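Single-structure report; data block below.
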Amino acid sequence: MRVQTRMMTTDRFRGPCARVVKMLAARVAVTLVAGMLVVPLTTAPAFARASIAQYDAPKYPSGFTHFDYADPNAPTDGTLVFQNYDEAQSYDSLNPFLTRGAPAPDILHLMFDTLMQRSWDELASEYALIADDVEVAPDGKSAVFHIDPRARFSNGDPITADDVKYSFDTLTSPQASPLFNSQFAVISRATVLDPSRVRFDFRHVERDAPLIAGDLPVFSRKWAMQANGTRIAFDQLTNVPPVSSGPYLIEQRKNDTQIVYRRNPAYWAANLPSRRGMYHFARVAFKLYHDHYTQLESLKALDTDVMVEYSSMQWARRYIGKNFENGALQRKLFPDHGAQMQGLMFNTRRPMFSDVRVRHALALAFDYDWLNRMTFYGQYRRTNSYFDDSPFAAQGVPTDAELALLDPYRASLPAAVFGPMVRQADTIAPHTLRENLREARGLLAEAGWTVRDGQLRDAHGNPMSIEIIDDQPGMDRVLLPYMRNLQLLGIDAHMREIDSALYQKRIDNFEFDMTTFVYLRVTIPGSELERRFSSASASQIGSENYPGVRSPAVDALVRAVMRANTLNELETATHALDRVLINGYYLVPEYFAPDTRIAYKSALGYPSVTPVSFQGEDWIVSYWYRKTPSAAANTAEAK
């Protein structure tokens, strides 16, 4: 399966590139320069500030002390013992920027700072970190970042503009993973203006370009230097500890399944407003296990400290035992706003999926309510939007502003686009699966597919046969019921599990019928929509337009999103786009979890304010802490 963010072991999915992809998930658009509304971007004045935001002013004013969801008074000591990160069972590299090898768990997050820091309780804002201010050109074609003179690498060297340029040039070269080259593709070049200033020139004006530049991780060119003065090629730099910019250093590597990071006592940014209240643990240790069962048992035996659970069945049935009963372990749901779009994706390049009525019919055969009740213990919500649980999801009937965007394409769009926002078919009384399948059979007949000799056939007598591919075990409990329903319609549906390398090759080359896919969650929709849904990307091998969307209406609406100058304009454009995509049935929407499930030792604490949107593992490592012995004892007594 194609993985775009961290997923559940059996309910959702993840893969070997999840940590890098997750970092790219945070990339969002920017139309405010230093808190000043850009209407349009080309008329914005240029001046430097320590924060930038997409709309309105940044939430946190100049002189703020820490993010609301950080606790600067929490204890700063002790060790956090974590488990598998992104399902890696071992690692063989200390370089998270390469395609070769498996990087050490969470090394990108713990050892490499970026030019600026994203906040987790705003739509899209960045605050000073390595760069203490940024100046965006009036025409939006470039941005100049000033390096904080206090900024230091882990070896004590000052971070300079030349180091920033070196990091950019390296990450956008063939030596680094193409994921980074893709992420920073909007930047044409980095130019050193003086030792403390670097300018990024953009290939074209995009509202997200300055924030994308601010997301650049920075490392020293001395990382590749050997004692004899020679350099190791970056793509061969796998087992040398980084000369890095982040808060932790590597303290110990026992083998390829264990690593211990130690907080750098000389970390220069510890008291910056964007860092105060972060990284409380003196050490962060990882133990990598070979299966989920062993991971959970290690937590229950108190051998590890915390676990983020991605399986509803595990959460409902297996988080039990004496240490939960005596209060040594706790478990809790933490609300997490913003949902990814997950679903069974059609490859519309296949002739049998070219008709939207066929795709709609196959969506009707997915019985989410039965799955949630019988398999997922009622822990999920049905996905009804590409932007679910966010202000960008369409609701109700189109507004006049939405209709102004949609009307030019009315003749080519399903009539449902112009009615109330469709909700996926349910099987909650008085609705039934039988009714949904009856409607599906009618749609298939309209599209020229009828049952003959017990099989669904087109006008030429060709049967419909669907192969659903996957690269991990565990999805059978979702797919088998769905395939059973397809078979009731006369469709030959079967599942094929293949190894991850072959799977990736097949979907990159669009050699599949259906597969489970998750669209990366972003805070604000932006340039990623072009990669996912534009007609131009539909024929690009390895693009994110796996379903093969080719629609002039979608192209126009994506452009409307990109040129929106106010939040209202952006919401209007995304609402209209949402209606077209949902009614295009490019995938069968599945489900999302409204909460993050975390089980942890009672000795761990967390801030009283939870971020609006977060990744569980990152939140724990960045903001949780180990309580003082007296506070931990009081927690146990309260249980």
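The values are calculated or read from the model by the stated rules, or taken from the named source; none is laboratory data. In this text, all values refer to a predicted model and were calculated from it rather than measured experimentally. Quick reminder, even Gly has a Cβ in these numbers, built from the backbone with ideal geometry, and neighbours come from all protein chains shown.
Assorted remarks:
- Enumeration of residues in the range 215-264 that are in contact (Cβ under 8 Å) with a residue 40 or more places away in the chain, under 16 Å from Ala176 (Cβ atoms) and of a type in the set (Lys, Arg): Arg221
- Evaluation of Ile498 against (1) over 12 Å from Glu467 (Cβ atoms); (2) at pLDDT below 90 (one fails), failing number: (1)
- Filter result for the condition that a residue is assigned by TED's automatic domain parsing to the domain that holds Thr427, over 19 Å from the mean Cα position of the chain (by Cα) and farther than 20 Å from Met464 by Cβ, over Val561, Val522: Val561
Conditions tested, residue by residue: (1) buried (at least 17 other Cβ atoms within 10 Å of the Cβ); (2) under 20 Å from Thr383 (Cβ atoms); (3) in contact (Cβ under 8 Å) with a residue 24 or more places away in the chain; (4) not acidic (Asp, Glu).
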residue: Gln424; (1), (2), (3), (4): yes, yes, yes, yes
residue: Leu433; (1), (2), (3), (4): yes, yes, yes, yes
residue: Ala445; (1), (2), (3), (4): no, no, no, yes
residue: Glu497; (1), (2), (3), (4): no, no, yes, no
residue: Ser500; (1), (2), (3), (4): no, no, yes, yes
residue: Lys505; (1), (2), (3), (4): no, no, no, yes
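- For Ser608: the one exception among (1) over 30 Å from Pro481 (Cβ atoms); (2) outside any loop (DSSP other than H, G, I, E, B): (2)
- Residues of the range 89-105 satisfying the condition of being outside any loop (DSSP other than H, G, I, E, B) and surrounded by fewer than 21 Cβ atoms within 10 Å (Cβ to Cβ): Ser93
- The condition (being in contact with a strand residue (DSSP E or B) (Cβ under 6 Å, 6 or more places away or on another chain) and either surrounded by 21 or more Cβ atoms within 10 Å (Cβ to Cβ) or touching a residue at least 24 places away in the same chain (Cβ under 8 Å) (or both)) is satisfied by just one residue among Leu179, Leu80, Leu108, Leu171: Leu80.
- Within this structure, Val243 fails the test of being at pLDDT 95 or above and closer than 27 Å to Tyr319 by Cα.
- Screening Asp86 on (1) buried (at least 21 other Cβ atoms within 10 Å of the Cβ); (2) at pLDDT 90 or above; (3) outside any strand (DSSP E or B) shows it passes everything except condition (2).
- Output for the range 370-402, where each listed residue is part of a helix (DSSP H, G or I), buried (at least 17 other Cβ atoms within 10 Å of the Cβ) and charged (D, E, K, R): Glu402
- Residue within the range 177-190 that is within 21 Å of Ala50 (Cβ to Cβ), modelled with pLDDT of 95 or more and more than 26 Å from the chain's Cα centre (by Cα) present: yes
- Number of the condition not met by Gly474 [criteria: (1) touching a Ser or Thr at 6+ places or on another chain (Cβ under 9 Å); (2) modelled with pLDDT of 95 or more; (3) on the phi > 0 side of the Ramachandran plot]: (2)
- Scan of the range 503-534 for residues that are in a loop (DSSP other than H, G, I, E, B) and either more than 22 Å from Ser385 (Cβ to Cβ) or basic (Lys, Arg) (or both), ordered by number: Asn509, Phe510, Glu511, Phe512, Asp513, Arg521
- Among the candidates Thr399, Thr450, Thr432, the residue that is closer than 19 Å to Glu590 by Cα, assigned by TED's automatic domain parsing to the domain that holds Leu581 and among the hydroxyl-bearing types (Ser, Thr, Tyr) is uniquely Thr432.
- Applying the criterion of being closer than 27 Å to Pro265 by Cβ and of a type in the set (S, T, N, Q) to the residues of the range 125-158, the residue that is surrounded by the most Cβ atoms within 10 Å (Cβ to Cβ) is Ser154.
- The lone exception for Arg262 - which of (1) at pLDDT 95 or above; (2) surrounded by fewer than 16 Cβ atoms within 10 Å (Cβ to Cβ) it fails: (2)
- Output for the range 332-354, where each listed residue is surrounded by 15 or more Cβ atoms within 10 Å (Cβ to Cβ), within 30 Å of Asp121 (Cβ to Cβ) and of a type in the set (D, E, K, R): Asp336
- Residue match in the range 198-216 (condition: among the basic types (Lys, Arg) and at pLDDT below 95): yes
- There is at least one residue in the range 272-294 that is part of a helix (DSSP H, G or I) and either more than 27 Å from the chain's Cα centre (by Cα) or of a type in the set (S, T, N, Q) (or both).
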